Amino acid sequence: MSEKIVSSISSPALKSLCADIAAVSRQQKAWTVNDWPQKQLELLADAGVYRWFVSEEQGGFGWTADDIARGYIELGAACLTSTFIVTQRVAALKRIASSQNASLVDRVLPVLLDGTKPSTVGISHLTTSRRHLKQPILSVQRDGADMIANGMAPWVTGGAGADSLLLGGVLEDGEEILFMVPTTAEGIGIEPGFDLVALSASHTGVVKCNGVRVSPEMIVAGPKESVLASGKGGGAGSVQTSALALGLAKSAIDFIERESEKRSDLKSTHDSLQQQFDLIAEETFAVAAGEKAHTGELRADANSLVMRSTQAAMIAAKGAGFVEGHPVGRWCREALFFLVWSCPQSVAEANLCGLVEVGS
Ligand SMILES: Cc1cc2nc3c(=O)[nH]c(=O)nc-3n(C[C@H](O)[C@H](O)[C@H](O)COP(=O)(O)OP(=O)(O)OC[C@H]3O[C@@H](n4cnc5c(N)ncnc54)[C@H](O)[C@@H]3O)c2cc1C
């Protein structure tokens, strides 16, 4: 196996992969919608990162969920934007890998695993987005053996950099399907990415479906009620979203540590944040391993830590950190992302409680 391949969490290649993507990211001057992190994504694919997530029988490395969390923390600290894009590609990959549609799995899984033809997801409207609307935002109607999709997926990360999309649609009777479409399919419109508070380079935007024909070969799961509850792919607020937040917190805490080598007044701040990081990381690994129940609290704790540690890094960086281009300012903006991404109601409530309590 190539020395570049990260086949297990203990592989020395993980350290070198992280060093490489961190070096590319440090050189990246801007993180706008025009700054798609192509090089980092190539390095991640070449290192076999997509194989972490499926079993050896299916062509993967079969990492355990706790090792995946460990890996995500390292990658997230090295480059949050490309690691976030990977999470959305992995969500599609895992749904495909666990699909009952064997011919689709055979056709698509190999190119998802080697990263040559990635897919990404637009499924949050089945869990956390536009749930208050009376009509489904992306509906499907039966048409003989096929289905026709109309509407939009309000959030799709990296659609323009993907070969296919895994979308969720709702039938008239309320049942749901997951389906896959090539990004070039007739009726698919990938809108330009939003100018975001952070992570604009992830190219996140709307995907429109205008009479998109979905043949049975493209159905990944369903029709059934709550289609995301079956199969694998990680639900909203999954343990791996906490791992990503911890990755960003690690960048900030490591920065404070480096500063504290010159300024001893920062040492106790670093030690305290590091201690909290270690506790939440242990909790994350235990939850991922199934040793502890997964509640909204874990993600709320990770969110709280990422907010506090990035702001502490700003205090340590002083005015220099507030100048555009300094990484600490970007980290502070990126921390806000965790308040809105993949946050089920339980996480949102725990976050709000935390904010109210700290202030009272
Ligand atoms: C950068 C980024 C990348 C993302 N990438 C992906 C991705 O790749 N794939 C994916 O599937 N998802 C993705 N998501 C979606 C994400 O996981 C959440 O689903 C999304 O952030 C939820 O926000 P929303 O604005 O859609 O929520 P909504 O609940 O739709 O809220 C939108 C607005 O509706 C109004 N509203 C909300 N609730 C109510 C109510 N009860 N009554 C009346 N009005 C209400 C409010 O004005 C609110 O501002 C991404 C999100 C972000 C921010």
State which residue is farthest from the ligand (Cβ to nearest atom) when the search covers only the range 144-166 and only residues that are farther than 14 Å from Ile177 by Cα and of a type in the set (S, T, N, Q). Ser164
Strands (runs of 3 or more DSSP E) wholly inside the range 80-162 containing at least 3 residues that are under 25 Å from Ala348 (Cα atoms): 119-122, 146-157
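For the range 96-108, indicate whether the set of residues that are within 16 Å of the ligand (Cβ to nearest atom) and not assigned by TED's automatic domain parsing to the domain that holds His326 is non-empty.
So the first thing to find is which residues in the range 96-108 are within 16 Å of the ligand (Cβ to nearest atom), and the list is 96.
Going one step further and asking which of them are not assigned by TED's automatic domain parsing to the domain that holds His326, we end up with 96.
Checked against the condition, which is being within 16 Å of the ligand (Cβ to nearest atom) and not assigned by TED's automatic domain parsing to the domain that holds His326, the range 96-108 yields at least one hit.
Mind telling me which of the residues Gly158, Gly174, Gly168 ends up being touching a residue at least 12 places away in the same chain (Cβ under 8 Å), surrounded by 16 or more Cβ atoms within 10 Å (Cβ to Cβ) and at positive phi? Working first, answer last.
Values: Gly174 fails: surrounded by 16 or more Cβ atoms within 10 Å (Cβ to Cβ); Gly168 fails: at positive phi.
Checking each option against the conditions leaves just Gly158.
Residues in the range 172-194: is at least one among the polar types (S, T, N, Q) and either within 11 Å of the ligand (Cβ to nearest atom) or outside any loop (DSSP other than H, G, I, E, B) (or both)?
So in the range 172-194, the residues among the polar types (S, T, N, Q) come out as 183-184.
Of the ones still in play, those that are also either within 11 Å of the ligand (Cβ to nearest atom) or outside any loop (DSSP other than H, G, I, E, B) (or both) are none.
Scanning the range 172-194 turns up no residue that is among the polar types (S, T, N, Q) and either within 11 Å of the ligand (Cβ to nearest atom) or outside any loop (DSSP other than H, G, I, E, B) (or both).
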Just to be sure, is Val181 more than 26 Å from Gly296 (Cβ to Cβ), touching a residue at least 24 places away in the same chain (Cβ under 8 Å), outside the structural domain of Cys332 (by TED's automatic domain parsing) and not charged (D, E, K, R)? yes
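Every residue, every condition in (1) assigned by TED's automatic domain parsing to the domain that holds Val90; (2) part of a helix (DSSP H, G or I); (3) touching a residue at least 60 places away in the same chain (Cβ under 8 Å); (4) not basic (Lys, Arg), yes or no:
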position: Ser7; (1), (2), (3), (4): no, no, no, yes
position: Ser25; (1), (2), (3), (4): yes, yes, no, yes
position: Val33; (1), (2), (3), (4): yes, no, yes, yes
position: Lys39; (1), (2), (3), (4): yes, yes, no, no
position: Leu44; (1), (2), (3), (4): yes, yes, yes, yes
position: Arg51; (1), (2), (3), (4): yes, yes, yes, no
position: Trp63; (1), (2), (3), (4): yes, no, no, yes
position: Ile73; (1), (2), (3), (4): yes, yes, yes, yes
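Just to be sure I understand, how many residues within the range 226-281 are assigned to a loop (DSSP other than H, G, I, E, B) and of a type outside the set (D, E, K, R)?
So in the range 226-281, the residues assigned to a loop (DSSP other than H, G, I, E, B) come out as 226, 230-238, 261-263.
Add one more test, that the residue is of a type outside the set (D, E, K, R), and what stays is 226, 230-231, 233-238.
Qualifying residue count, the range 226-281: 9.
The values are calculated or read from the model by the stated rules, or taken from the named source; none is laboratory data. Note that the structure is predicted; figures quoted are calculated from it, not measured. With ideal geometry, Cβ positions are generated from the backbone for all residues, glycine too; neighbour counts draw on all protein chains shown.
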